[in-house]
């Protein structure tokens, strides 16, 4: 477990937009965040850092989230870490497989941040939880250390408002047309090329 007053959550997610959005949200709530972009990295980070909780995607390269969870459960130093699956797989079969692998919770994308808050609060060790998480989770803004809204989140909020998309929707769960629109919007503008 973390040795300081801030609990640590490891996010194992291969979709960068999802990783950034969930990381910013958790940091805004006072958590320290570690990240891994595949299951193999998640197992290594979990063994080295021993986070207080893991948010695990299922469909990842190198090693999927189910295999990573089994590996985490087999290692003595990480066997009791709470693991919540955040995944696009919304079938009874995957829920059962996640439970068999050792998952403690399961939410499908797009997920509700309030439901995720409740799962985190129920699974984290009780001694050091950030204050008033439920109230903070429903706030619209995610800020940096100076209190200003993070530009990436501001861009996401603008995109959601303009396209009638719920704010808690993850970018990877957008339909194809909206996903293309989001990809174009988040790219930095091209610098003009001047030829003399």
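No value in this document is a laboratory result; all are computed from the given coordinates. Model, not experiment: these values are computed from the prediction.
Based on C-alpha pairs under 8 angstrom that are at least 6 apart in sequence, region 8-139 has a relative contact order of 22 percent.
Give the shape of region 1-107 as rounded, prolate or oblate, defined through the alpha-carbon gyration tensor: a ≥ b ≥ c are the square roots of its eigenvalues, a/c under 1.5 means rounded, and otherwise the shape is prolate if a/b is larger than b/c and oblate if not.
Details: a/c = 1.63, a/b = 1.22, b/c = 1.34.
Here region 1-107 falls in the oblate category.
Centroid-to-centroid, using Cα positions, region 18-54 and region 74-122 are 14 Å apart. Any idea what the relative contact order of region 1-84 is, in percent, if you count C-alpha pairs under 8 Å spaced at least 6 apart? Contact order relative to length: 32 percent.
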